[in-house]
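Read the figures in this text as sums done on the coordinates, not as results from a lab. All figures in this text were calculated on a predicted structure; none of them were measured in a lab. Methodologically, a virtual Cβ is constructed for each residue, glycine included, from the backbone with ideal geometry; neighbour enumeration extends over all protein chains shown.
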Amino acid sequence: MRKRTLANLSKLPDTVIENLKIVLKGGTAIENLSESFSIVRSLPYGHVAATLGTLRKIDLHNLIALESTRHRALIEAMIVARIIEPRSKLATARGFNSETCSSSLSQILGVEKADADELYVDACVFS
């Protein structure tokens, strides 16, 4: 068996060599990554994580209810939402809806389907 050099790739840029490795392994090299996908929606997370983390660090969630229930999640969500962006319960409920939300709070606590009536009932039950 004889070896024969077809091409010397050592002088090519690193990105070209990496793309060539990907193609030789059966993959697809993408010329422009930003054109390959589009961001449909990105929800802010940091302020929610900080506020919810503080609420849990001071053990407030256990003062609401010892067991993790939907009622406790709704009360937690209302407290955090009031701290982050104070507004009415109706506006807060709209902010929890997955189509109209303005943060990741409802997804984290699993209250995307909450409506204003549910928030009023939970506020009354735990007050």
Point-charge dipole on Cβ atoms (K/R +1, D/E -1) for region 42-89, about Cα centre, debye to 20: 120
Residues Ile75, Ile58, sorted so that the one with the fewest Cβ neighbours within 10 Å comes first: Ile58, Ile75
Sites Leu43 and Val121, calculated FRET efficiency, Cβ-Cβ separation with R0 30 Å, nearest 0.05: 0.70
Given charges at beta-carbon only (K, R positive; D, E negative), |dipole| of region 1-101 in Debye: 380
Residues Ala50 and Arg70, FRET efficiency given R0 of 22 Å [Cβ-Cβ distance, rounded to 0.05]: 0.40
All-pairs Cα distance distribution in the chain, expressed in whole percent, bin size 5 Å: 2, 9, 15, 15, 11, 6, 4, 5, 6, 7, 7, 4, 4, 3, 2, 1, 0
Neighbour-count order for Thr5, Thr92, Thr28, fewest beta carbons within 10 angstrom listed first: Thr5, Thr28, Thr92
Proximal lysines relative to Lys113, as straight alpha-carbon distance under 18 Å, when same-chain residues fewer than 8 apart are discounted: Lys89
All lysines inside 30 Å of Lys11 as judged from Cα atoms, apart from same-chain residues fewer than 8 positions distant: Lys3, Lys21, Lys25
Cut-off 19 Å, label 7 Å out along Cα→Cβ of Ile79, residues of region 91-109 by amide N: 92-93, 96, 104-109
Positive-end residue, region 46-125 charge dipole about Cα centroid, Cβ charges, pick of Asn97, Leu52, Met78: Leu52
Relative contact order (%) - the chain, alpha-carbon pairs under 8 angstrom, separation at least six: 22
Set of aspartates and glutamates with alpha-carbon distance to Lys57 below 14 Å, sequence-local pairs under 8 removed: Glu76
